[in-house]
Amino acid sequence: MSQDATSAGQPVGIAGIGAYVPERILTNAELSAMVDTSDEWITTRTGIRERHIARPDQAASDLGAIAATRALESAGVKAEDVDLIVVPTITPDMVFPSTACFIQKAIGAKKAACFDLEAACSGFIFALETGRRFIESGAMNTVLVVCTEKLSSIVDWQDRGTCVLFGDGAGAVVLRRNTAGGRGILSAILGSDGNLAHLLSLPGGGSRNPTSEETLRNRMHFLKMEGREVFKHAVNTMTAAARKAIEQSGLSLADIAWIIPHQANMRIVQAIADKLDLPIEKFYVNLERYGNMSAASIPVALDEAVRLGKIKKKDVVLMVAFGGGFTWAALVLEL
Ligand code: ACO
């Protein structure tokens, strides 16, 4: 797995990107027939209008394998050449084996080492930084990051405070030393605060509360969130992380062409724009069509923005995320 001599020393960047969202769209109007909510409440409080929902027979690895194949095609890389598959997800197919192993099998990436990474909504940036370090160390050439979430499988469809927020989808990138173009990953900030774990969690089914009749009766196998508290921390923490990542990159806010924030809530994005004193037009946002897809949100948005020609080669992009743990992350990248 030693690196070829021609690329050694080149910066690590995104060589290809792909995404997949399930076909079924669930609208706010349909949700209003399921719980006591309204299109007006959901759009004004969150900006979300619809989200995609996987079929019952689709697991997270099935969504991820499609996104992964598309990312490999866009990079012109064969599955057999992938050294490492990292899968950020909070909705793995099973507790074990890892969803990364199922994706490896589906795409035929025979020589890859595989593991899942748990950093909730910050998972994509945690995985980019992990992959970058494996490549920079010389241990790997090609890392495939596959963010895939079937959040519909852990959402409590009786809880109007959470079920309106989430959607299913997958986004993947191929990381390699970049021999053509941009300077790749320029800086990354990762952080966590386990003291606030209780504000956003799925309490049942793990070793703390193994599945039992009681955990099922208390609906502990569904995602729980203190929305207002999460909101407050998300705004402050993402703003601080974004500032630090820009500072560490040696660039200034003016050098950033696009910001791709975690796509949880339009009010959070607007609050970050206000705090950074940046026009909202600099933020690439598609949450109105997908809802919050946790780790998959940023790569799905990046894929869309690149395909639409909004984000171009050599653009400097800032990504910033926040999620359960709490975890947070920000990364500056020249495509
Ligand atoms: N429809 C109608 N009313 C609702 C709904 C709904 N879907 N949901 C809550 N309400 C009600 C509440 O019951 C409450 O009523 P009350 O005043 O009578 O008690 C009222 O609306 C206000 O509720 P809040 O929770 O205070 O509403 P808020 O303005 O904070 O919005 C929201 C809630 C959208 C969840 C917001 O807090 C939020 O976006 N939080 C952050 C979520 C986030 O960023 N998550 C990221 C990480 S996710 C991850 O890591 C997996």
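The values are calculated or read from the model by the stated rules, or taken from the named source; none is laboratory data. All of these numbers come straight from a predicted model, not from anything done at the bench. Neighbour counts run over all protein chains shown; Cβ positions are idealised from the backbone, glycine included.
Only strands (runs of 3 or more DSSP E) whose full extent lies in the stretch 71-164 are considered here, and the ones with at least 2 residues that are closer than 16 Å to GLY18 by Cβ and under 17 Å from the mean Cα position of the chain (by Cα) are 84-88, 143-150. The condition (being in contact with a helix residue (DSSP H, G or I) (Cβ under 7 Å, 6 or more places away or on another chain), among the acidic types (Asp, Glu) and either in contact (Cβ under 8 Å) with a residue 12 or more places away in the chain or in a loop (DSSP other than H, G, I, E, B) (or both)) is satisfied by just one residue among ASP36, ASP57: ASP36. Kindly establish whether GLN248 is within 16 Å of the ligand (Cβ to nearest atom) and either β-branched (Val, Ile, Thr) or not in a loop (DSSP other than H, G, I, E, B) (or both). In short, no.
Restricting GLY167, GLY191, GLY181 to those that are surrounded by 14 or more Cβ atoms within 10 Å (Cβ to Cβ) and either in contact with a His (Cβ under 7 Å, 6 or more places away or on another chain) or modelled with pLDDT under 95 (or both) reduces the list to GLY167. All of ILE125, ILE154 fail the test of being buried (at least 20 other Cβ atoms within 10 Å of the Cβ) and either within 13 Å of the ligand (Cβ to nearest atom) or of a type in the set (A, V, I, L, M) (or both), apart from ILE125.
Between LEU302, LEU287, LEU308, the distinction of being in the same structural domain as LEU199 (by TED's automatic domain parsing), within 12 Å of the ligand (Cβ to nearest atom) and modelled with pLDDT of 95 or more belongs to LEU287 only. Close contacts from the stretch 158-169, counting a first residue that is assigned by TED's automatic domain parsing to the domain that holds ARG49 and a second that is in a loop (DSSP other than H, G, I, E, B) and charged (D, E, K, R), with Cβ to Cβ under 7 Å and a gap of 6+ residues or different chains, come to ARG160/ASP36; THR162/ASP156; CYS163/ASP156. Look at the stretch 258-269: where a residue is within 7 Å of the ligand (Cβ to nearest atom) and a partner is assigned to a strand (DSSP E or B), sitting 6+ places away or on another chain with Cβ atoms under 6 Å, you get HIS262/ALA321; HIS262/PHE322; ALA264/ASN292.
Assess whether THR46 counts as being within 16 Å of the ligand (Cβ to nearest atom) and either more than 17 Å from ALA170 (Cβ to Cβ) or of a type in the set (S, T, N, Q) (or both). Talk me through it step by step, then tell me what you get.
Details: within 16 Å of the ligand (Cβ to nearest atom): yes; either more than 17 Å from ALA170 (Cβ to Cβ) or of a type in the set (S, T, N, Q) (or both): yes.
Considered against the rule, which asks whether it is within 16 Å of the ligand (Cβ to nearest atom) and either more than 17 Å from ALA170 (Cβ to Cβ) or of a type in the set (S, T, N, Q) (or both), THR46 comes out as yes.
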